[in-house]
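S.K.: Please read through the structure below; I'll follow up with questions.
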Number of protein chains: 2
Amino acid sequence: MRKLLLFVFLISAISVAQTDDEKQIKAIYDTALLDAKGYDWLAYLSNQIGGRLSGSLNAERAVQYTKERLDSLGLDKVWLQPVMVPKWVRGISEVAYIETTPGKTTNVPICALGGSTPTPAGGLKAQVVEVKGIEELKKLGREKIEGKIVFYNRPMQANLIQTFEAYGGCVDQRYAGAMEAAKFGAVGTIVRSMNLRLDDNPHAGSMSYGDLPESQRIPAAAISTNGAELLSGMLALNPDIRFYFKQTCRQFKDVRSYNVIGEIKGSEHPDEVMIVGGHLDSWDLGDGAHDDGAGCVQSMEVLRLLKKTGYKPRRTIRVVLFMNEENGLRGGNKYAEEAKKKNEKHIFALESDAGGFTPRGFTFECNDQDFALIESWKPLFEPYLIHLFQKGYSGADIRPLAGNDIVLAGLLPDSQRYFDHHHAANDTFEHVNKRELQLGAATMATLVYLMDKYR
Amino acid sequence: MRKLLLFVFLISAISVAQTDDEKQIKAIYDTALLDAKGYDWLAYLSNQIGGRLSGSLNAERAVQYTKERLDSLGLDKVWLQPVMVPKWVRGISEVAYIETTPGKTTNVPICALGGSTPTPAGGLKAQVVEVKGIEELKKLGREKIEGKIVFYNRPMQANLIQTFEAYGGCVDQRYAGAMEAAKFGAVGTIVRSMNLRLDDNPHAGSMSYGDLPESQRIPAAAISTNGAELLSGMLALNPDIRFYFKQTCRQFKDVRSYNVIGEIKGSEHPDEVMIVGGHLDSWDLGDGAHDDGAGCVQSMEVLRLLKKTGYKPRRTIRVVLFMNEENGLRGGNKYAEEAKKKNEKHIFALESDAGGFTPRGFTFECNDQDFALIESWKPLFEPYLIHLFQKGYSGADIRPLAGNDIVLAGLLPDSQRYFDHHHAANDTFEHVNKRELQLGAATMATLVYLMDKYR
């Protein structure tokens, strides 16, 4: 009975034109769930290729594989856009231990941060000074830091409901921690992994030395959350304990790689471009299934779903699989640079780079008029349990396109589990649920469809 | 900037009294996320006790453990409510294979359905007739069914967004399939597991023979979804293949067990009772972490969170851990029966029995006036990403309380992954995410708080 009432309400409240929308959107979701392809593509990308750090052989394999998949979809054009990317290599597995007294040691799991220098060949051993953040360095001063390893141990704030906020509140320790500690004479840094769980996985991620001369750069690593708790507890008992770590990571010269691009030509406004994308590179510890294999296959699915459901876009719709989001953003910058050079008019860009979890909505960077238009579509999303439409950060790869008339958007999946896996060895295919992934793709395709039709 | 605007909007749109509500609700969520207990309780229930089928030793251990935990919370009263429950035992692991020609066999994973009779001691081998549902039996008629094993193979409908709807559309095959097939002379039934994934886990669950005399009851088992696909494919190639299965399950006499109950006495209306609960029993293949260990510890958390945040309920608030939801509902029936006997006035009941996943909202069985009141609280839930307030089925254990003035509610978590685990060997603790579980508990406590204060 109530269902019937709801149906009547929908029919009367929104126009007949939108009944066509309801049909089109249902076709998109049905196809995504009953005739899924993205999940299979992700299986290949994750299990047959694996981690895809920029400049690696796997990254090149991923370029070839996704191009082949796009070729098979019967798009109007598929191509590779060359881009030079940094090549940082982890080397042999890192080793670290806490030494309470000479010879008495406890191993802890660490990983070098992306971009870090190696330790001396024999490793590095020093006293540890624990801080809750960069601000504390000044208070301590050079005297208490010089010659020591700085241990950044401010945890992610667990009572923030959206976990990306908690990440945003901590990641400065990872990104800038070594650069800042080096200025006070530290010999290395260890950062607590950006992980809301207590477990044994160190979480990688990029860091930067800024303008620091090479001679002053100090090695930086992440320690698992359990390892951080252990180290912190041991330091409380005895501030004189030593920490040892060894890493052999190395920066090579830039190498050529590619953004992978496919498009459906617009039927009315072929010169107006809408893009949907994710980033093809990943960290190297896991297989990059959530970050961002998910976003890549979802973006590829968007074009397939629109084609398969018979929708002919008015504008040109492109999928862009960006290279090197993780440690350089060269792909995103290159794409925007080329678009500007060719005077291409981009009116919409959507990125999926927050994991392949149940979609909840989108964030938008746009003006109020566009946001009002978008909010008017909410009733069309509600049957698919999509409720969140908020202004906010869209996506790293598409932000270089920011400008006058473009709407930037990011898919907002449920974020509770994301940082259990983010940049860690357990960012793997078996932690992606097929339905959640495919619902994300359908939700993205729906937004692209509405944007194409109504903006 | 936008955050500030939103804040101003909330302040102006809802009354000052509700600012107190905002504070209380934030305290509930903060405590649930920063000082979690439910997750640790679930770890014990799952890992130290395990599967808790009614009448089993583990079920009794779970009664003792949860009573001890409730005792430790400083509630006003904690007690056990005796209830006689059925005791069905699986026996040794089931065996099944498909025989294409004599001697050529392929093993497939099955499990006996709860309440099923065993096969003959040496097992049962027969031809197979595949159907998509009970309705097909009549069309086929006794002639095509007699002496055969009926194989129910209607899959869950993957394009339904809420997976419980897909479950509702299939579960008749499991529950009534054997009873109906027996009427046409079938010798056994095999049902495709209620699982939206293709995998190797058979999913248990209850079945009934209704009024069928014992002599006519036939053994019933579930087959994994991969097994169902294989069997169906082989039958398409050769309808003459045989299916063999053996199960040694057995029904014993009813045994005494308990509902576990704890309460905080109401300060203004101690005679008005509000309950929150889950069911303590589980199927035996996994450890019952999602179904329904999660609901139990969340319900226990509700009382702890209210107490810890200093809230003094106006009404009496009870946690009830029901025994025997899975194969009898004896606990739920007993609780309602005793409440009636004692003339207790129940005005609200909330059950969590849909898994420990990210909470999305609630379903309600109530009148329109109460529903309007509940909907007025939506803005208070939105900061916690709780959007779904819909009329619908509440929970099996609390429905026997249905009556004049009671509001029945069910927690509605994200349902995408639930049937990957439901009643199967992989319903285990490691598939429960701490944040998702604790957010569910906080969301329940918030509803209980608002109900107590405003209804």
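S.K.: Take B:Arg455 and decide whether it is farther than 26 Å from B:Ala204 by Cβ and modelled with pLDDT under 95.
M.R.: For B:Arg455, the condition - farther than 26 Å from B:Ala204 by Cβ and modelled with pLDDT under 95 - is met.
S.K.: Just one of the numbered conditions (1) away from chain A (no Cβ under 14 Å); (2) at negative phi; (3) without any contact (Cβ under 8 Å) to a residue 60 or more places away in the chain is not true of B:Asn159; which one?
M.R.: The failed condition is (1).
S.K.: Out of the range B:126-136, which residues are over 29 Å from the mean Cα position of the chain (by Cα) and buried (at least 17 other Cβ atoms within 10 Å of the Cβ)?
M.R.: B:Val128, B:Val129
S.K.: Quick check: is even one residue across the range B:249-258 assigned to a strand (DSSP E or B), touching a residue at least 12 places away in the same chain (Cβ under 8 Å) and among the hydrophobic types (A, V, I, L, M, F, W, C)?
M.R.: Within the range B:249-258, one or more residues are assigned to a strand (DSSP E or B), touching a residue at least 12 places away in the same chain (Cβ under 8 Å) and among the hydrophobic types (A, V, I, L, M, F, W, C).
S.K.: Something else: Looking at B:Lys312, B:Lys307, B:Lys340, B:Lys334, which is the one that is open to solvent by 10 Å² or more (accessible area, probe 1.4 Å), farther than 25 Å from B:Tyr418 by Cβ and assigned to a loop (DSSP other than H, G, I, E, B)?
M.R.: Only one candidate passes the filter, namely B:Lys312.
S.K.: Please go through the range B:262-283 and give me each residue that is crowded, with 23+ Cβ neighbours inside 10 Å and over 19 Å from B:Leu447 (Cα atoms), ordered by number.
M.R.: Scanning the range B:262-283 gives B:His279, B:Leu280, B:Asp281, B:Ser282, B:Trp283.
S.K.: Just to be sure I understand the filter: pairs with C-beta atoms under 6 Å, separated by 6 or more residues or on different chains, first member in the range B:81-93 and over 12 Å from B:Ala59 (Cβ atoms), second member hydroxyl-bearing (Ser, Thr, Tyr) and surrounded by fewer than 17 Cβ atoms within 10 Å (Cβ to Cβ). Which pairs pass?
M.R.: B:Gly91/B:Thr248; B:Ile92/B:Thr248
S.K.: Among the residues of the range B:21-46, write down those that are away from chain A (no Cβ under 11 Å), surrounded by fewer than 19 Cβ atoms within 10 Å (Cβ to Cβ), touching a residue at least 12 places away in the same chain (Cβ under 8 Å) and under 27 Å from the mean Cα position of the chain (by Cα).
M.R.: Result: B:Ala43, B:Tyr44.
S.K.: Can you run down the residue pairs with Cβ atoms below 6 Å, 6 or more apart or on separate chains, where the first is in the range A:100-126 and closer than 17 Å to A:Lys148 by Cα and the partner is crowded, with 20+ Cβ neighbours inside 10 Å and of a type in the set (S, T, N, Q)?
M.R.: If the second residue must be crowded, with 20+ Cβ neighbours inside 10 Å and of a type in the set (S, T, N, Q), the pairs left are A:Pro118/A:Gln247; A:Thr119/A:Gln247.
S.K.: Here's another thing I want to ask about it. Out of the range A:88-111, which residues are out of contact with any helix residue (DSSP H, G or I) (no Cβ under 8 Å at 6 or more places or on another chain), surrounded by fewer than 20 Cβ atoms within 10 Å (Cβ to Cβ) and assigned to a strand (DSSP E or B)?
M.R.: A:Val89, A:Val95, A:Tyr97, A:Glu99, A:Thr101, A:Lys104, A:Thr105, A:Asn107
S.K.: Of the residues that sit in the range B:329-345 and are in contact (Cβ under 8 Å) with a residue 12 or more places away in the chain and among the basic types (Lys, Arg), which one is farthest from B:Arg399 (Cα to Cα)?
M.R.: Filtering first and then ranking leaves B:Lys345.
S.K.: Please go through the range B:375-410 and give me each residue that is open to solvent by 10 Å² or more (accessible area, probe 1.4 Å) and more than 14 Å from every other protein chain (Cβ to nearest Cβ), ordered by number.
M.R.: Selection gives B:Ser376, B:Ser394, B:Ala396, B:Arg399, B:Pro400, B:Leu401, B:Ala402, B:Gly403, B:Asn404, B:Asp405, B:Ile406.
S.K.: Which of (1) part of a loop (DSSP other than H, G, I, E, B); (2) at negative phi; (3) open to solvent by 30 Å² or more (accessible area, probe 1.4 Å) is the odd one out, the single condition B:Leu230 does not satisfy?
M.R.: (1)
S.K.: Does at least one position in the range A:308-315 carry a residue that is among the small types (Gly, Ala, Ser), closer than 16 Å to A:Gly38 by Cβ and assigned by TED's automatic domain parsing to the domain that holds A:Glu68?
M.R.: The answer is no, given that none of the residues of the range A:308-315 is among the small types (Gly, Ala, Ser), closer than 16 Å to A:Gly38 by Cβ and assigned by TED's automatic domain parsing to the domain that holds A:Glu68.
S.K.: Among B:Phe364, B:Phe357, B:Phe419, which is the only one that is of a type in the set (Phe, Trp, Tyr), within 14 Å of another protein chain (Cβ to nearest Cβ), out of contact with any Gly (no Cβ under 8 Å at 6 or more places or on another chain) and surrounded by 18 or more Cβ atoms within 10 Å (Cβ to Cβ)?
M.R.: B:Phe419
S.K.: Another question about this same structure. Determine whether the range A:103-111 contains at least one residue that is within 30 Å of A:Leu305 (Cα to Cα) and in contact with a Leu (Cβ under 7 Å, 6 or more places away or on another chain).
M.R.: No, every residue in the range A:103-111 fails to be within 30 Å of A:Leu305 (Cα to Cα) and in contact with a Leu (Cβ under 7 Å, 6 or more places away or on another chain).
S.K.: Okay, moving on. Which residue out of A:Trp79, A:Trp41 is under 23 Å from A:Ala424 (Cβ atoms), among the hydrophobic types (A, V, I, L, M, F, W, C) and either touching a Cys at 6+ places or on another chain (Cβ under 6 Å) or in the same structural domain as A:Leu329 (by TED's automatic domain parsing) (or both)?
M.R.: Being under 23 Å from A:Ala424 (Cβ atoms), among the hydrophobic types (A, V, I, L, M, F, W, C) and either touching a Cys at 6+ places or on another chain (Cβ under 6 Å) or in the same structural domain as A:Leu329 (by TED's automatic domain parsing) (or both) holds for just one of A:Trp79, A:Trp41, which is A:Trp41.
S.K.: Against the condition in the same structural domain as A:Val407 (by TED's automatic domain parsing), under 17 Å from the mean Cα position of the chain (by Cα) and in contact (Cβ under 8 Å) with a residue 60 or more places away in the chain, how does A:Phe348 come out, does it pass?
M.R.: Spelling it out, it is not the case that A:Phe348 is in the same structural domain as A:Val407 (by TED's automatic domain parsing), under 17 Å from the mean Cα position of the chain (by Cα) and in contact (Cβ under 8 Å) with a residue 60 or more places away in the chain.
S.K.: Please indicate, with yes or no, whether at least one residue in the range B:145-152 is among the charged types (D, E, K, R) and more than 19 Å from the chain's Cα centre (by Cα).
M.R.: yes
S.K.: Please verify whether the range B:150-169 includes one or more residues that are outside any helix (DSSP H, G or I), open to solvent by less than 10 Å² (accessible area, probe 1.4 Å), polar (S, T, N, Q) and farther than 18 Å from B:Glu326 by Cβ.
M.R.: Yes, the range B:150-169 contains a residue that is outside any helix (DSSP H, G or I), open to solvent by less than 10 Å² (accessible area, probe 1.4 Å), polar (S, T, N, Q) and farther than 18 Å from B:Glu326 by Cβ.
S.K.: Then there's this: Looking at (1) at the interface with another protein chain (Cβ under 10 Å from one of its Cβ atoms); (2) touching a helix residue (DSSP H, G or I) at 6+ places or on another chain (Cβ under 8 Å); (3) open to solvent by less than 10 Å² (accessible area, probe 1.4 Å), can you tell me which one B:Arg435 breaks?
M.R.: Exception for B:Arg435: condition (3).
S.K.: I've got another one for you. Any residue that is surrounded by fewer than 18 Cβ atoms within 10 Å (Cβ to Cβ) and in contact with a Gly (Cβ under 7 Å, 6 or more places away or on another chain) - is there at least one of those in the range B:179-190?
M.R.: yes
S.K.: Okay, moving on. When you scan the range B:350-420 for strands (runs of 3 or more DSSP E) that lie fully inside it, which ones turn up with 3 or more residues that are among the β-branched types (Val, Ile, Thr)?
M.R.: Passing ranges: none, list empty.
S.K.: Output the number of residues of the range B:422-431 satisfying the condition of being surrounded by fewer than 23 Cβ atoms within 10 Å (Cβ to Cβ) and either at the interface with chain A (Cβ under 10 Å from one of its Cβ atoms) or aliphatic (A, V, I, L, M) (or both).
M.R.: Going through the range B:422-431 one residue at a time, the tally reaches 1.
The values are calculated or read from the model by the stated rules, or taken from the named source; none is laboratory data. Since the structure is predicted, the reported quantities are computational estimates derived from the model, not experimental observations. All Cβ positions, even for glycine, are placed from backbone atoms using ideal geometry, and neighbour counts span all protein chains on display. We work out accessible area using only protein heavy atoms, side chains counted, and drop any ligands, DNA or RNA first. Shrake-Rupley method; radii C 1.70, N 1.55, O 1.52, S 1.80 Å.
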